[in-house]
Structures are given as structure tokens and as C-alpha cells.
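Coordinate-derived values only; no laboratory data. On a predicted model such as this, the values are computed, not experimentally measured, just so you know. Here Cβ is always computed from backbone atoms with ideal geometry, including for glycine, and neighbour counts include all displayed protein chains.
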Protein chains: 4
Amino acid sequence: MPSSQPVSSQSTSSASKFDRSHDEIMKAAARLFRDKGYAASTLRDIAAAAGMKAGSLYYHFDSKEEILDAILDAGVRQVHDSVQAVIREGKEADRLAVVSAAARTHLTVLLARSEFTSVNMRILGLLPAEIRARHLPLRRAYTRLWEKLLRDAQRAGRLRADIEIKPLRRFLLAALNSTVEWFDPEREDVDAVAERCTGLILRGIAPD
Amino acid sequence: MPSSQPVSSQSTSSASKFDRSHDEIMKAAARLFRDKGYAASTLRDIAAAAGMKAGSLYYHFDSKEEILDAILDAGVRQVHDSVQAVIREGKEADRLAVVSAAARTHLTVLLARSEFTSVNMRILGLLPAEIRARHLPLRRAYTRLWEKLLRDAQRAGRLRADIEIKPLRRFLLAALNSTVEWFDPEREDVDAVAERCTGLILRGIAPD
Amino acid sequence: MPSSQPVSSQSTSSASKFDRSHDEIMKAAARLFRDKGYAASTLRDIAAAAGMKAGSLYYHFDSKEEILDAILDAGVRQVHDSVQAVIREGKEADRLAVVSAAARTHLTVLLARSEFTSVNMRILGLLPAEIRARHLPLRRAYTRLWEKLLRDAQRAGRLRADIEIKPLRRFLLAALNSTVEWFDPEREDVDAVAERCTGLILRGIAPD
Amino acid sequence: MPSSQPVSSQSTSSASKFDRSHDEIMKAAARLFRDKGYAASTLRDIAAAAGMKAGSLYYHFDSKEEILDAILDAGVRQVHDSVQAVIREGKEADRLAVVSAAARTHLTVLLARSEFTSVNMRILGLLPAEIRARHLPLRRAYTRLWEKLLRDAQRAGRLRADIEIKPLRRFLLAALNSTVEWFDPEREDVDAVAERCTGLILRGIAPD
DNA sequence: AATGAATGAGAGTTCATTCAT
DNA sequence: GATGAATGAACTCTCATTCAT
């Protein structure tokens, strides 16, 4: 049962000590989950990375799984909301340009803005079915957002007509998410990567 | 120190008892590692899936890590050799057609032929740096194979001239590998998927 | 790398909970190691004897071997310091009387005062060379203490002149240590045993 | 229930393959038990040292414990018989000289002639009470042999009158056995060691 | 709000033992 | 006579979790 406690992306100084620790834990856990996976990340690791001892985590979360839930939840919410905003803003624009903008946004949130979104993309598929199931509804909402976007583009004649939407959406998002595997924020620029990726997705590799 | 004991893809009845058990263990472990990750897969799980008890695994492997090493090694070797063969056969053919064929082969091995290749693609990035390092040389050989293939195509004018090879290779392989996340062998046809993927990669989603 | 945390011989009520448990574990382990050997003593045995569960030992020690190290270290330190004190006090006394007093002290520490010293004497020789090597320096310091003591006595003409020091020291200490094999604190008096032993060592069994 | 299969001290070429393997196992096991203790010596180690595989041991012995029993048994029997022979030969001789000869013989068997005797001296005290109990009768026979020898010497006025026999026997044998801890056959001569030891035991360390 | 100290379940691993070949 | 292959029990060790302080 993922809940939607608003995760303060930047722990403002006005936030309570509780909220700050809460965020610290989630960020620390997210980084570990993303880098080593859920099972391989111990609560002692997480606590240490958050500047406390393992037992203290239980003041903020009821279990390791609850930390994971909070992270997964926040991660999907963040891309979803960001991409939805872009789509809304693009109401009048060229449909293909919106697809392109949405892809760029997805990549930006994934690679630069949220430590939570990348956790989703990287480890959700490896988690126990039971946990995954809890997060399906939210994921579905996001995939439906994309399928609608793509269907609109196709209807507007801005997408190759012979492409089936659902498989396309799957491939498209998976391809975007796969950047997580090799992207290194210290060596690369998110915008440049986004530009390249969308370019490839729109026009492919073959010469015209 | 990954070694290259040839893993008999199908345990023939002629193989010794040792070889059959050895293969059974590797396959069982590969399936579990791919589905739940390395840390979350227990030796008891693996043994049960291979039809034996946990202690018996040690007659065949010295440690859990050694099982992993054998799997990762076999997985890379298999795609590498398959794709290399395709490239060799395509000596005279159109360079872009060879890229397309290589992609199809990569996908086929990944999704249908080898239980070991998919383990690589799915969990290598989550493994401890120390383990990952052991398998880097082999991975490098495979990525170099692709980069050469792509560079040749570009020189032949069969690839958009403005694309940088290394980032392209990264995105291309990651995109192909991402199919592992959603591909369901019981509901989909590998060839159809390969066709769609290569189509998208070659020409993109935008209408001409 | 044996360290020298002072082991409180009697866990005073003023000691912290940690220190009390730490000592309890060392004492329990020492008794078991001495009676059954290192390999035959399980962590469950030790934990039970110390009033806790196996896993809890790891809050106090990093491994079974570390417990052993701490015990061996404490054991040698205790005889060494006790005997050294006796030698210092005997500065002015008859050299042979000091040897005799040192032997008595060695026996007293070994049989009555320290649960750690007897572990050394009984199982050190059976431990893996690697472990033994770690404790050699400390052992050496103790044997040198005795050799100096004996040499001084010989120079003072209080020891048969034809005896070689090193072999004597070896035989002497081994003979004293061998009492551990049969001494039963419930049936015998340490002082009486010490008296008999030193008598035999000084004058032998033959009538004058 | 220790049995008395005659252990061929030197595997004569006339011995059957069975007997040779049987002896090989006992010797290999004895060396390991003496050097590392019973619990720390694995059947795989023993088998390897005897030139076979673990499972093969069961063709010769029913269990690890049975190997131990055979070794302990043979060890005591050997010193017992050797010392008894010396005593018999010394019927007419000076009682103290016989004690001295017995000690020399004990040391020779212990350090040079039998790989089985030293096992007894080194690890019997660490074994489970249940095993130890099985070998008590034989040990008793040996200690009684010595006590009689010493009592005779004392009655003949060749032993200090104020010495109690039983404690003396305990100390004497333990002291002799303690040589096992430091004796190195490659660096020392058994006879020389025996000479020194008996000298010390007879006359002590103090000058006359 | 956090920690020190402990726990119990289960992890990877070892090993005496078995048995078909 | 001996081995290859397996087993089950028990080992050392890890970890999520608890709770008094």
C-alpha cells in the first residue's frame, strides 16, 4: 500500500528534524538500492549513509520494505507529474515535438532530478512479485499517459502509421530507462544525452 | 578469473553425470539470478531448482560467486560468438543489413537461446565492483565488436554521418537489452519482437 | 594483531553492560577452548555458556578467531606480568629462590588465577600456524624472561653448571604446563601442587 | 571398545593391500590428529594424506571415531609394551637405573618410534569424555606399571622417601610427555633429549 | 529522536557419511 | 578396493528487527 507522503525534494531548512532525517534515509536508501539492489543493501548500510544507526531507522519507517515502497512511490510520481506537466504545456504544439519533449523530460528526471525514479527503472523488475504488484497501479497510470501521448501523435499523422502503440511504448520507455545503466553524471551532460537519444528515437540510425 | 568451460546448452544424455548436474545448476542459478537478482537468490533455492540439496552444489562449484562467474562468462561468450559469426557471414553484404542482422541475433540469443546472456544484461550493473571488474575484459571484447561493426557501416555511408559511434553503441545495446525487462516468451514471438526493434532502430518513429 | 584490552578478571558491577558481556564471552570461550579445543568448541556452545545466543557474540567480536586471539593474548600477558613482578620483588634474594618463586607463580596463574593462561598452554600447539604466528612475539617475551632468570641463577652458581639454558627453559615450562592436564581444582590445592613441583624440579627424585 | 588389531609398525612388503592401506590411513590420521587435533582434522585431509578419497576410508574403518580409537589404542599399547620389556630386562639392576631406563624408553617411543603414542599424549585430554572413557582401562594399565616401578624404587631406598608415588607419577609422565610440544625430530637427537630429561628428573636443577 | 545490545531466522559453507558404480 | 556424487546436520556468520534506556 504505497502512500503519498510528499517527499520534500530539497530538505528546506524550515523542515523539522524528523522530516530531514526521513528524507536523508530515503535518499541514502535510494542510492544504495539503485547501485546494489534491494537485497544486497543492508539497513546498516542505509543507516550509516544517512548518518545514524540501524535501530534508528525504525523511528521513521516500520520496515525495510516500507522504505522501498516510499522510494518507488515517490519515483514514479515524480516522472509522472513532470511528464504530465510537459504534455499539458504542449497542448497546442506539434504532437511529435511533445513526444520528444516528454522523452527529454523523462530522461532528465531519471538521470538528474530524482534519486527515486532511477530506483524504479533499475530494480523493480527484480523485486518479489508481491512488492511489484503494490506499485503496478501507479506504473500503469504512467504508461497510460505515454500511450495516450503516442496514440494522439499517430492519429495526428506525426508517427509512422504501421507502428503498434503498446509495443512501441514498451520499447521506447525501456530504451530511455536503459540509459541509467551507463550514464555517469560526472562525465556527461544530461541535455546532450537527451538530445542524442530523442534524435535516434525519432529518426533512427539509417541515413535518409 | 572466469574460465571458459564449454557449457553444453542442452545436456545431452551422453554427457557425464557430473556435466549434467553442472549444467543443471548453472541453468537453475541463471534463471533465479535473472529473475530476483544475485543477493536475493539463495543457494537453497538454486539447489532445489536443480533438483538437489544446497550442500551438493559444492561438489560442482567452490562458492556461490563461482557459479555466478561461470554464468556471466558463458553468457557473454555466447552472444559474442553468435554475433561474430553473423558479422563474418555478412562480409559481402550491405553494411546496414549486417547491423540489422547483428541486432536480431543479439536479441535472439538474449531472449530465446541463452539463459546466461540475459543474466549479464540484467544484473551485471548491480553486482559488487570487484565481481564486475573480473568480467570487464570479456564485455569489452563484445562492445568492441559492435563498435567496429558500426564504424564500418558509417564509413560505408550506411549510417547517419553525424552520429558518434561510442554513445550510439551504448544506447543501441542498452535498448536491445532492455527488452529483457518486458519480454514474455510465452506471449510473444522473438522474431516479431526483433523485427519491430530493428525497424525502430533503423528508421525511428517519425514518419518519413 | 592481538590487542591488549585489559580484561577485568572479575566483572565488577561498575563495568558497563558491554564490558560485562565481553568478559563473560571470553571466560566462557576460554573454558571451552581449554577443555575441548578450538575447533570442537562451537559458537553456540560459547554463547550459551555466556548466557546469550550465537548471533549476539558478533556484537562483541568480529569472528570466532578474534575471541581466540583476545584470550591467548590476555593469557600470556597475565603470566608474564605476574612472573615479572615476582622477579622484580626478588632483586636482592637468592637466585634459586627466585626461580622457585617464579615457578610457583607460573603454576598459580596457570591453575588458579587465569582461565586464559591455561588455554595458551593447552591448545596453542594445535592451532593453525597462521594463528600461532600472531602470538609468537608475546610468547617469546615470556620465554626470554625465563631464560634471563635462569641464566642469572646459573651465573650466580645457584644452578648446576652443566645445564644448557634454552633446553632447560623448554623442559621446565613444559613440565609446569603439563600440570594442566591432570590438575583438578576441586580435589587439589594449588599451593601444595606448586610446592611438590618446585621441590622435584630443584632436587630431582633421587635421594641425596 | 578399543580392539587390538595388531598394527604392523612397518608395513612389510608381505602385507596385503588392505593392510597397507589400513596402516597408511592410521599413520596419516595420527599425524594430523597430533598436529591439529581431532576435530580440526577432516576425513578429506586424512584420505588425501593416505593417497585416497574420503569415501574410501569407509572400506577400512566404520567411522572417524573408529580411526581415532585404533590410533589411541595402538599408541598406549606400544609404550606400555616397550616400557614393560625394559622393566623385565632390568629385574636384577639398580631400581633407579630402571626408572631412568623406563623414562628413556617412554621418550624414545613417544618422540621417535610411534606416531600413535604422541597422539595420546597430546589430544586425549581434549577429547569428549565419552571417548576418553573408552581408553581409560588401557591408560590405567600403563600408569599402574609406572607406579609399581616407582614404588619398588622407593622401597629399595633409591627414591627420596618423602615423595608420594601417585602425584610423582603424574608429574613425571606429564613432564616427559610435554616434550612432544617442542621436540623437532629434524633438529634434535632423541637420545640427547632423553639424557637431559632423565638427568633433570633424577637430580633436579639445583647444584649439589 | 536515537542508540546499545540483543535476538532469531536464515544465509553460505563444511563435513562425516552413504551408496551406486 | 576405491571413487564420484550426493546428502543432512551443523557450522560460522549476517541481518532485519526489537526494546530498554
For region D:35-84, what D do you get in µm² per second when you plug the Kirkwood radius from alpha-carbon pairs into Stokes-Einstein at 10 °C and 1.306 mPa s?
132
Mind checking which of B:K91, B:K166, B:K36 has the largest fluctuation in a GNM of chain B, springs on alpha carbons under 10 Å?
B:K91
By per-residue mean of other Cβ atoms within 10 Å, what is the highest-first order of B:117-123, A:69-75, C:54-60, C:37-43?
B:117-123, A:69-75, C:37-43, C:54-60
With contacts defined as alpha carbon pairs under 8 Å and 6 or more residues apart, what's the relative contact order of chain B in percent?
22
Short version: what are the Cα gyration tensor semi-axes of chain A, square root of 5 times each eigenvalue, largest first, in whole Å?
34, 17, 16
In region B:123-171, what GluC sites (Glu not before Pro) fall in a loop by DSSP, with at most 12 other Cβ atoms inside 10 Å?
B:E164
With C:L149 itself left out, Lys, Arg at +1 and Asp, Glu at -1 over residues whose Cβ is under 10 Å from its Cβ give +3
Between copies, how close do the D:K53 label points come, placed 7 Å along Cα→Cβ, listed in nm from shortest?
1.9, 4.1, 5.2
Please give the length that would be gained between C:E66 and C:D94 if that part of the chain were fully extended, namely 0.36 nm times their separation in residues minus their C-alpha to C-alpha distance (nm, one decimal).
5.9 nm
How about B:K91: which aspartates and glutamates have a C-alpha closer than 14 Å to its C-alpha, ignoring those fewer than 8 places off in the same chain?
B:D152
Find out how many positive minus negative residues lie around D:S82, taking Lys and Arg as positive, Asp and Glu as negative, among other residues whose Cβ is under 13 Å from that of D:S82.
+2
Quick one: work out Rg over Rh on the C-alpha atoms of region D:57-121, Rh as Kirkwood radius.
1.16
Taking the Cα centre of each part, how many Å lie between region B:65-105 and region A:174-208?
23
Of all the C-alpha pairs in region A:94-208, what % are more than 26 Å from each other?
22
Set of lysines near B:K64 by C-alpha distance (under 21 Å), chain-local residues within fewer than 8 positions excluded:
A:K36, B:K17, B:K27, B:K36, B:K53
For every helix of n ≥ 4 consecutive DSSP H residues, a contribution of -39,500 (n - 2.57) applies; sum these over chain C, divide by its total residues, and give [θ] at 222 nm rounded to the nearest 500 deg cm²/dmol.
-20500 deg cm²/dmol
For the protein assembly as shown, with equal point scatterers placed on the C-alpha atoms only and solvent neglected, what are the log10 I(q)/I(0) values from the Debye formula at q = 0.05, 0.09 1/Å, to two decimals?
-0.48, -0.94
Per-copy distances of the D:R155 label point, shortest first, in nm (7 angstrom along Cα→Cβ)
4.9, 10.8, 12.1
Can you list the copy-to-copy distances for B:A93, using a point 7 angstrom from Cα toward Cβ, in nanometres, shortest first?
4.0, 9.7, 9.8
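In the neighborhood of D:R203, defined by Cβ-to-Cβ distances under 9 Å, what is the net charge if each Lys or Arg adds +1 and each Asp or Glu adds -1? Walk me through the numbers before you get to the answer.
Working: positive: C:R160, C:R203; negative: D:D208.
Charge balance near D:R203 sits at +1.
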Suppose we consider the axis relating copy D to copy B; can you name the residue of D with the nearest Cβ and state that distance in angstrom as an integer?
D:G55, 3
Cα-based helix-to-principal-axis angle, D:17-36 vs chain D, degrees rounded to 10:
60
